[in-house]
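The values are calculated or read from the model by the stated rules, or taken from the named source; none is laboratory data. Since we're looking at a predicted model, the values are computed, not measured. Because the Cβ atoms are built from the backbone with ideal geometry, glycine has one as well, and the counts that use them run over all protein chains shown. Just the protein is used for accessible areas: all its heavy atoms, side chains included, with ligands, DNA and RNA removed. Shrake-Rupley method; radii C 1.70, N 1.55, O 1.52, S 1.80 Å.
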Amino acid sequence: YVNYSPKEWLVIQEKFLDGRVGTMIQLYADSLGVTVGSLKDLGIGQTGEVFTFPMFEENGLNISGIQKRSITGEKWCYRGSRLGLFFPYTVYSEKDIYRLYITEGATDCACAIDLGLPAIGRANCNSCKNEICFIVDNWRTTKDLHEIIIIPDRDIAGEDGAKELQECIEDYFYGAIRVRLLYPPGGKDLREAMNNNPNRVIELVQKIQKGY
């Protein structure tokens, strides 16, 4: 087992950033139905025909590991990785976030970014519950955070994991933070729902953004 320091992870991430090929990133974005901009916001890198996404600790600064993805959807982690959060640069730098969206996976997080939503992603449906509670606790003060919207994948594991996260946050804050689930309509995940019926997704998101 390799235990990389944050500085060593940063060197590895820079190597993957240097390996990006614009045309291949564009093809990958097109295959996902998201924009190149949202993928770059998540720090997408590349090594050959494999794409990489850094995972961060709860402070949003230190990299805990790197997820690798093939263009056909297979996922695995770089050796020595610990599961962390997909943290868009823009979300970390936002001054105020009243409502935070939490997705399952990096590419659903990219889709949420394209919808104009402040979002972070979990590496899987069961990871990082404590880290997310830490973020919520911190951002209640520093970013005026009031509400969490969890967007699960539409399978048993995804929906159960989302409910567990909801209960974890509600218990941690004794109900002081509102937590809701947004089930992607017409798709197995947010990306598929957006590709299948974007108007329905946008309508649902707009209702949430208006406080319904």
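The table that follows gives values for the structure above.
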{"item": "Index of the failed condition, Arg178 passing every other in (1) out of contact with any His (no Cβ under 7 Å at 6 or more places or on another chain); (2) closer than 25 Å to Lys95 by Cα", "result": "(1)"}
{"item": "Enumeration of residues in segment 99-129 that are β-branched (Val, Ile, Thr) and in a strand (DSSP E or B)", "result": "Ile102, Thr103, Ile120"}
{"item": "Pair list, Cβ under 9 Å, 6 or more apart: segment 16-29 residue assigned to a loop (DSSP other than H, G, I, E, B), other residue basic (Lys, Arg) and open to solvent by 10 Å² or more (accessible area, probe 1.4 Å)", "result": "Arg20/Lys40"}
{"item": "Test result for Gly37, touching an Asp or Glu at 6+ places or on another chain (Cβ under 9 Å) and buried (at least 16 other Cβ atoms within 10 Å of the Cβ)", "result": "no"}
{"item": "Single unsatisfied condition, Phe16 versus (1) open to solvent by less than 20 Å² (accessible area, probe 1.4 Å); (2) within 18 Å of Thr90 (Cβ to Cβ)", "result": "(2)"}
{"item": "Any hit, segment 155-166, residues being crowded, with 23+ Cβ neighbours inside 10 Å and closer than 22 Å to Leu39 by Cα", "result": "no"}
{"item": "Of all residues in segment 64-109 being under 12 Å from Leu42 (Cα atoms) and out of contact with any Lys or Arg (no Cβ under 8 Å at 6 or more places or on another chain), the one that is most open to solvent (accessible area, probe 1.4 Å)", "result": "Tyr89"}
{"item": "Failed criterion for Tyr28 (all others in (1) under 22 Å from Ala193 (Cα atoms); (2) surrounded by fewer than 12 Cβ atoms within 10 Å (Cβ to Cβ); (3) of a type outside the set (A, V, I, L, M) hold)", "result": "(2)"}
{"item": "Residues satisfying the stated conditions in segment 30-55, i.e. in a strand (DSSP E or B), under 16 Å from the mean Cα position of the chain (by Cα) and among the aliphatic types (A, V, I, L, M)", "result": "Met55"}
